[in-house]
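The values are calculated or read from the model by the stated rules, or taken from the named source; none is laboratory data. Please read all numbers here as calculations on a predicted model, not as lab measurements. Cβ coordinates were reconstructed from backbone atoms using ideal geometry, including for glycine residues, and neighbour counts include every protein chain displayed.
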Amino acid sequence: MQVIASAPGKAILFGEHAVVYGKPAIAMAIDRRAYVKVSKNPDKKIHVNIRDLNIRGYIDFQNNAIISDSPQKGILKYILNSLKKVHDGSGLNICIDVNIPIGGGLGSSAAVTVATIAAVSKYNNINLKEIEIAKYAHEVELEVQKSASPLDTTISTYGGLIYLEKDAKDIIQLEIDYNIPVVIGYTETRGDTGKLVAEVRKKKELYPKIIDPVIDSIESVVEEARNSILKNDKERIIELMNINHGLLDALGVNTKELSDMVYTARTAANCGSKITGAGGGGSIIAYCPYETEEVLSAIEEIENAININISKEGVKITVSN
């Protein structure tokens with residue numbers, strides 16, 4: 001038997017970093033996915049091959065260890081911890097393709113984690129509900145990153161455009177009848193999510209009277225943005241996205257490369273642009289309701305850029321014999 005599961009990446013439109021402190025956020029699943037293929041390995045080893053990243057290794061399930069000569073093998077930690085949720089340790093071949101920029105704040109680790117849990121659980125005849133996949137995947141991200149909101153794993157599991165309520169009490173699909181035209185710009189410099197979250201936390205502890213109001217302001221932006229999205233108020237969405245970027249800059253997660261892309265997008269067209277994800281490298285998002293191609297071309301002159309659309313589908317599983 002062979003099982004293939006896939007899950008989309010994500011782009012946070014509003015609310016990153018504040019979401020770690022129980023604030024709401026808005027995110028969309030993107031039409032870039034991670035694919036995980038699981039099949040039997042006769043030699044009883046758990047072999048992992050992430051082809052587009054040239055990462056190969058073995059999971060030593062019994063000793064909770066990763067054996068790999070690949071220099072960038074951090075993503076294998078997500079695979080190991082995912083297996084611990086739904087696998088008995090028997091031999092597997094796990095082949096992964098990640099059609100999402102790695103370390104770019106686009107939810108690549110969440111997509112790989114969700115797809116791995118979905119594929120391996122199905123391979124083992126464990127029929128998990130979406131809510132269970134999302135729960136396990138969030139636990140894995142917490143174990144690997146030490147601090148993580150449920151946003152990435154939730155959007156990767158369910159797809160669509162979602163509003164995550166305060167304190168993650170509920171996940172609300174925002175039903176809209178139009179597309180959100182977005183350009184993602186991303187650098188070769190990758191941000192370390194765990195490190196950046198820890199640095200913001202340290203600032204918050206050192207300067208609570210300064211940083212707490214910034215976090216509260218991000219919450220207010222999210223609430224305003226939710227209403228604006230439901231009304232398709234383009235000008236207000238643009239303005240709120242630009243405000244959100246300024247607040248993230250105040251938290252210290254901006255870089256010159258990210259800032260250059262943000263202002264390149266705004267110079268090219270009337271658009272909203274901001275960091276998306278943890279920052280410190282990685283990606284920016286530009287909401288371009290008027291001149292998408294102009295923004296794409298402008299960012300491509302200085303960094304990498306892609307057009308994305310909302311993925312209405314979350315995790316998908318197919319089985320073949």
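Can you tell me which residue is farthest from Gln145 (Cα to Cα) among those in region 5-34 that are outside any strand (DSSP E or B) and small (Gly, Ala, Ser)? Give the derivation first.
Here is the first cut: in region 5-34, the ones outside any strand (DSSP E or B) are 15-24.
Those left that are additionally small (Gly, Ala, Ser): 15, 18, 22.
Values: Gly15: 19, Ala18: 17, Gly22: 17 Å.
The selected residue is Gly15.
Among the candidates Ser39, Ser70, Ser82, single out the residue that is surrounded by 16 or more Cβ atoms within 10 Å (Cβ to Cβ), in a strand (DSSP E or B) and among the polar types (S, T, N, Q).
On inspection, the qualifying residue turns out to be Ser39.
Regarding region 232-248, can at least one residue be identified that is touching a residue at least 12 places away in the same chain (Cβ under 8 Å), assigned to a loop (DSSP other than H, G, I, E, B) and either within 24 Å of Ser220 (Cβ to Cβ) or not aromatic (Phe, Trp, Tyr) (or both)?
Scanning region 232-248 turns up at least one residue that is touching a residue at least 12 places away in the same chain (Cβ under 8 Å), assigned to a loop (DSSP other than H, G, I, E, B) and either within 24 Å of Ser220 (Cβ to Cβ) or not aromatic (Phe, Trp, Tyr) (or both).
Which residue, of Ala278, Ala265, is assigned to a loop (DSSP other than H, G, I, E, B), touching a residue at least 12 places away in the same chain (Cβ under 8 Å) and not assigned by TED's automatic domain parsing to the domain that holds Pro150?
Ala278
How many residues are of a type in the set (Asp, Glu) and not in a strand (DSSP E or B) if we restrict to region 42-62?
The qualifying residues number 2.
Which condition does Gly104 not pass, out of (1) over 18 Å from Lys44 (Cα atoms); (2) over 16 Å from the mean Cα position of the chain (by Cα), if it passes all the others?
(2)
I'd like the full set of residues that are surrounded by fewer than 22 Cβ atoms within 10 Å (Cβ to Cβ), part of a loop (DSSP other than H, G, I, E, B) and under 18 Å from the mean Cα position of the chain (by Cα), limited to region 152-173.
Selection gives Gly160, Glu165.
Out of Ser273, Ser311, I need the residue that is under 30 Å from Ser121 (Cα atoms) and not acidic (Asp, Glu). Which one?
Values: Ser273 fails: under 30 Å from Ser121 (Cα atoms).
Of Ser273, Ser311, the one residue that is under 30 Å from Ser121 (Cα atoms) and not acidic (Asp, Glu) is Ser311.
Every residue in region 72-97 that is within 23 Å of Met1 (Cβ to Cβ), under 21 Å from the mean Cα position of the chain (by Cα) and not hydroxyl-bearing (Ser, Thr, Tyr), please.
The answer is Ile79, Leu80, Leu83, Lys85, Cys95, Ile96, Asp97.
Checking the conditions here, which among Arg56, Arg51, Arg32 is among the basic types (Lys, Arg), in contact with a His (Cβ under 8 Å, 6 or more places away or on another chain) and either surrounded by fewer than 16 Cβ atoms within 10 Å (Cβ to Cβ) or farther than 18 Å from Met1 by Cβ (or both)? I'd like the intermediate steps shown before the answer.
On the way: Arg51 fails: in contact with a His (Cβ under 8 Å, 6 or more places away or on another chain); Arg32 fails: in contact with a His (Cβ under 8 Å, 6 or more places away or on another chain).
Going through Arg56, Arg51, Arg32 in turn, just one is among the basic types (Lys, Arg), in contact with a His (Cβ under 8 Å, 6 or more places away or on another chain) and either surrounded by fewer than 16 Cβ atoms within 10 Å (Cβ to Cβ) or farther than 18 Å from Met1 by Cβ (or both): Arg56.
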